[in-house]
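What follows is a set of notes on a single structure, which appears directly below.
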Amino acid sequence: MKADLLIHSAAQLCTIPPHNGGPQRGRALGDLGLIENGAVACADGHITAAGPTAQLRADWQATVEVDASGKVVCPGFVDPHTHVVWAGDRANEFEQRVRGATYMEIMAAGGGIMATVRATRAATPEQLVEETLPRLDHLLAHGSTTVEVKTGYGLTTADELKMLDAIAALDADHPVTLVPTFLGAHAVPTEYRNDPDGYVDLVVEDMLPAVSAHNSRLEARFCDVFCEEGAFSLTQTRRILETAQALGFGLKVHADEFKPLGGTGLAVELGAVSADHLVCTTAQEIEQLGRSDTVAVALPATPFGLAHHDYTPAQAILDAGSILALATDCNPGTAWCESVPFIIALACRYLPLTPAQALVAVTLNAAHAVGLGDRVGSLAAGRAADVLVLDLPDYRHLGYRFGTNPVATVVKRGRIVVGH
Ligand SMILES: [Zn+2]
């Protein structure tokens with residue numbers, strides 16, 4: 001049979017098999033479906049077969065061959081939580097934090113998310129695209145082939161739609177697949193400081209219908225809310241998410257990053273696709289999460305970026321039987337991190353996950369966190385041919401080594417887009 005691409009002779013081929021057609025739950029996390037001297041064949045942008053090299057060489061004649069001798073081959077990484085579209089930077093705030101200022105003090109002085117909102121409002125759509133492209137290049141070079149990206153630096157109807165247009169333009173221009181999420185409820189903008197419920201009215205009555213009706217090449221599939229002290233209360237979060245759900249959006253929640261307000265319980269109750277951060281989630285809500293299909297997304301670069309010492313209680317989350325995924329949270333304030341391999345290194349130390357658990361959490365389970373659990377995240381036949389060749393002799397070098405990029409080759413929809 002004919003194939004477009006055959007990657008062969010991999011020291012280890014990590015196929016990442018779905019369990020019962022779905023994610024790897026709880027303590028079953030970490031099944032790599034590992035094949036030594038493995039190969040994967042691709043045609044028309046999809047995986048056609050994965051198995052031992054001898055068998056695939058006998059079965060498939062490929063136009064392009066990649067010799068992965070001495071290397072690890074795995075699915076492209078899925079980054080299910082980023083804020084990668086923004087304008088400007090906050091290097092000055094980072095320096096202030098290093099000198100001892102807290103995130104809250106900086107926010108009270110007009111910095112934090114509002115600093116990025118001012119820069120993003122001032123940017124044209126073209127500037128937003130231009131500033132974001134190098135970050136997508138970095139994400140792709142570090143192995144991310146599918147990336148969720150949130151709005152939330154516009155905070156007016158027009159500026160939120162401008163962000164969605166930038167996301168659509170980037171998705172069209174760049175090999176990385178972008179999954180847009182509407183996050184109008186990221187922060188209460190300064191002009192509503194004395195009337196936060198008035199801002200929630202704007203989100204519910206104006207922004208959500210506008211985003212829902214917006215004729216973009218790439219539709220916002222999800223609505224997210226930052227449920228946190230100083231951001232949106234549980235009552236406000238419920239109002240926004242219930243309105244979004246009625247309009248057909250899938251739901252996500254920023255929950256329990258600093259204070260436990262009940263956002264995780266609400267995510268489970270409403271059938272959200274994911275609940276993200278989960279640093280101070282209560283034991284009761286972890287149990288609820290374990291009985292649900294809501295994916296728990298841990299973001300270890302955020303506490304690391306803030307030099308905090310509390311991380312997501314991943315062991316309790318796995319004990320409860322939950323679906324665990326990892327993401328970068330790439331954003332200009334707390335975690336400007338474009339490297340999933342670095343996230344794996346953090347997760348192996350602070351959650352702590354084994355390298356095998358972390359690898360499934362950035363592929364199959366992460367795909368489920370963006371509603372693409374049957375399309376990407378595994379090398380099963382029929383899935384998108386998003387494949388990585390890692391210049392590592394053994395998958396356990398993921399996490400073990402950090403600070404250099406292990407990704408040698410990135411294949412996106414069957415085409416080599418990084419390396420050779
Ligand atoms: Zn976030």
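Side notes on the structure shown:
- Taking packing as the residue-averaged number of other Cβ atoms within 10 angstrom, the listed peptides 344-351, 227-234 run from highest to lowest as 344-351, 227-234.
- Solvent-accessible surface (1.4 angstrom probe) belonging to TYR192, in square angstrom, nearest 10: 60 Å²
- In terms of accessible area, using a 1.4 Å probe and ignoring ligands and nucleic acids, LYS252, LYS259 rank largest first as LYS259, LYS252.
- Among the listed pairs LYS150/LYS259; LYS71/LYS150; LYS71/LYS162; LYS162/LYS412, those beyond 32 Å (Cα-Cα): LYS71/LYS150; LYS71/LYS162
- Rolling a 1.4 angstrom probe over the protein heavy atoms with all chains in place gives segment 136-263 an accessible area of 34 Å² per residue.
- Of VAL203, LEU178, THR190, farthest towards positive along the dipole that unit charges on Lys, Arg, Asp, Glu beta carbons give segment 145-209: LEU178
- Packing order of peptides 159-167, 80-88, 124-132, 281-289, highest average first: 80-88, 159-167, 281-289, 124-132 (average count of other Cβ atoms within 10 Å over each peptide's residues).
- Chain lengthening between ASP201 and ASP44 when straightened (0.36 nm per residue, less Cα-Cα): 51.9 nm
- Mean-position separation - Cα centroids, segment 361-420 and segment 161-192, in angstrom: 24 Å
- The magnitude of the dipole of segment 202-263, with charges of +1 and -1 set on the Cβ of Lys/Arg and Asp/Glu and taken from the Cα centre, is near 180 debye.
- Separation of segment 224-298 and segment 9-77, taken as the distance between their Cα centroids, equals 34 angstrom.
- Count Lys and Arg as plus one, Asp and Glu as minus one, and take only other residues whose Cβ is under 15 Å from that of LYS412; the net charge is then -3.
- Ellipticity at 222 nm from helices only: DSSP H runs of n ≥ 4 in the chain, each -39500 (n - 2.57), divided by the residue count, give -9500 deg cm²/dmol.
- Debye log10 I(q)/I(0) at q = 0.14 Å⁻¹ for the chain, Cα point scatterers: -1.23
- Among GLY100, GLY51, GLY377, the largest mean-square fluctuation in a Gaussian network model of the chain, built with springs joining Cα atoms closer than 10 Å, belongs to GLY100.
- Order by protection proxy (mean Cβ within 10 Å, highest first), peptides 41-49, 293-301: 293-301, 41-49
- Gyration tensor (Cα) of segment 278-397, equivalent ellipsoid semi-axes in angstrom: 22, 19, 13
- Kirkwood estimate for segment 1-56, i.e. one over the average of 1/r between Cα atoms, Å: 12.2 Å
- Solvent-free Debye scattering, log10 I(q)/I(0), computed from the Cα coordinates of segment 326-420 at q = 0.16, 0.20, 0.24 Å⁻¹: -0.73, -1.13, -1.42
- Summed residue charge, Cβ within 12 Å of ALA384's Cβ, Lys/Arg positive, Asp/Glu negative: +2
- Net +/- balance of residues flanking HIS8 in space, Cβ distance below 15 Å, scoring K and R +1, D and E -1: -3
- Rg(Cα) / (2.2 N^0.38 Å) computed for segment 164-301, rounded to two decimals: 1.06
- Heavy-atom accessible area for PHE342, with the other protein chains in place and a 1.4 Å probe, reaches approximately 60 Å².
- Only protein atoms count toward the accessible area here, which uses a 1.4 Å probe; on the chain, the carbon and sulfur part of that area reaches 51 percent.
- Percent RCO, i.e. relative contact order, over the chain, from Cα pairs under 8 Å lying at least 6 residues apart: 21 percent
The values are calculated or read from the model by the stated rules, or taken from the named source; none is laboratory data. Owing to the predicted nature of the structure, the values given are computational and were not obtained by experimental measurement. With ideal geometry, Cβ positions are generated from the backbone for all residues, glycine too; neighbour counts draw on all protein chains shown. Calculation scope for accessible area: heavy atoms of the full protein, side chains included, ligands and nucleic acids excluded. Shrake-Rupley method; radii C 1.70, N 1.55, O 1.52, S 1.80 Å.
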